[in-house]
Structure formats: structure tokens, C-alpha cells
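The values are calculated or read from the model by the stated rules, or taken from the named source; none is laboratory data. Keep in mind that this is a model prediction, so the values were computed, not measured. Cβ coordinates were reconstructed from backbone atoms using ideal geometry, including for glycine residues, and neighbour counts include every protein chain displayed.
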Amino acid sequence: MKEVCLTLEIVLQHLICRPAIKIVLAILAAFSLAAPASAGSRGADDSIMIFGGVASETNFTELMFSPWSTHLNPIGVVGASYSHRLGTVNELVGDIGLGHIGEDFTIEAEGGASFRFGDENLGEAWAALYLRYDGLPWNDTVYTTVGANTGVSVLTNLSDFEAWRDSNGKSSVLLHYLAPEFTFADPENKDLELVIRLHHRSGVFGLFDGVVSGSTFISAGVRMRF
């Protein structure tokens, strides 16, 4: 019986991941003829991202440092977001002694919405501020950025999955939103990015309505800057 359940779990994971992969490939094909950005720029300030992903039952910290150890759950997600680059840290806060490194960090505002499907059908919306770094030494070969954020996430209803994961058995409509990401782009076309993101919301150790845990979705998508 255990072998049958394991086989069923694997099949469900493939059924959830496959639509997300198809979405990413379709968008890549649609934008493949996009006008390239200047090689010396970061691409345009505004962007739209479309993504898909699958839920993980693994602790967020463990997932960050050993993603290969994740245990997937048959809940999928698809979503989209809009973001706007506000400027570099030096531009926004002035000369505070950061020097050139202040030009390598940018701040972005993002808003988005997504839908969970499978074992759970819920809508989600979020708003966040991102701090992004792009001063990596290999960026002339593969333009890479690392981003981390803080924000809030709102669900359309309480999540049974999040309550099941929580040590106190609690869930909340409103939680903190944390979604670190890596992006990859052709240095000659920075307006088209592949995005790998951990789509995570949590109660920040009980700060939000006593919720300790939350949920994390391993996601991939495409961001188009304009």
C-alpha cells in the first residue's frame, strides 16, 4: 500500500509541475523576439512576471540551504506580478558611505496575485519591497541578480495546508510575505529574465496572529521588462 501511495504522490507532483513548465516555455517563446536592452543597463524599470510552482512541506530554512531535500505536496500555484524599480540605494538614500556598492543594490516595489489549485483552491494577493543585487563578477556572461523582500500576503480564505504545517495548528488570512529569488538573463537582453523564486508566507514565529509556520512554493517564471 505504501508503494502505491508513493507512486500516486509522484504522479500528482508531475501533473502539477507540468502546467507550470508549459507556461514558462510558452512565455519564453512569445518573448523570444523582444527588443534587446542595452548591454550596459539593467533593463527597463517596469516589469511583469508570470510564474508557476508547487508546494513544499520542507521547512523554509532547510529549503534555502538544501533544496534537494524538499518533500513536495500536491498543491500547485500559478500567478503574475507587476514591479517597478524605484532606483539604486545611492539614488534613494543619498551618500551614506556605501560607495560604488550602493549602485549595485536597487529597490523595487511589487504587487501580485496567484491561485492555488489541487488539494487547496485559494486566491492570494501580496505587496512587497525588494532589495536586489546585481554586482556579480560573471554578469558579462550570464546577467544574474539576487533579490530578497519584505511584504504582506493575503489569502481569500484560511489555508488547511498552512494549519497542518503549523506547530500550533493555526493559519491566518494575513501573513508576512518573503520570496527570495534568483534571475538569469542574456547580458544583451536584460529585459527578458528567467526567475527562480521561493514563494513563501509565514507568521514570523508567531508575530502574525500566533502563526509560527506558513507555506512555501518552489516556483519558476519569466519576467518581461518594459
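Within the range 63-111, the residues that satisfy the criterion of being outside any strand (DSSP E or B) and of a type in the set (A, V, I, L, M, F, W, C) are Leu63, Met64, Phe65, Trp68, Val89, Leu92, Val93, Ile96, Leu98, Ile101. Do the conditions hold for Glu124, that is, is it among the acidic types (Asp, Glu), out of contact with any Lys or Arg (no Cβ under 8 Å at 6 or more places or on another chain) and within 19 Å of Ser202 (Cα to Cα)? For Glu124, the condition - among the acidic types (Asp, Glu), out of contact with any Lys or Arg (no Cβ under 8 Å at 6 or more places or on another chain) and within 19 Å of Ser202 (Cα to Cα) - is not met. Quickly run through the range 29-43 and pick out the residues that are at pLDDT 50 or above, among the small types (Gly, Ala, Ser) and either closer than 29 Å to Asn73 by Cα or surrounded by 14 or more Cβ atoms within 10 Å (Cβ to Cβ) (or both). The answer is Gly43, and nothing else. Just one of the listed residues (Ala185, Ala163, Ala220, Ala179) is on the phi < 0 side of the Ramachandran plot, of a type in the set (Gly, Ala, Ser) and out of contact with any strand residue (DSSP E or B) (no Cβ under 8 Å at 6 or more places or on another chain), namely Ala163. Might you let me know whether the range 165-185 holds any residue that is surrounded by fewer than 19 Cβ atoms within 10 Å (Cβ to Cβ) and among the basic types (Lys, Arg)? Yes, there is a match, as at least one residue in the range 165-185 is surrounded by fewer than 19 Cβ atoms within 10 Å (Cβ to Cβ) and among the basic types (Lys, Arg).
One residue stands out among those in the range 168-187 that are in contact (Cβ under 8 Å) with a residue 12 or more places away in the chain and outside any strand (DSSP E or B): the one that is farthest from Ile107 (Cα to Cα), which is Asn168. The set of residues in the range 126-135 being surrounded by fewer than 16 Cβ atoms within 10 Å (Cβ to Cβ) and either part of a strand (DSSP E or B) or touching a Gly at 6+ places or on another chain (Cβ under 7 Å) (or both) consists of Ala127, Leu129, Leu131, Tyr133.
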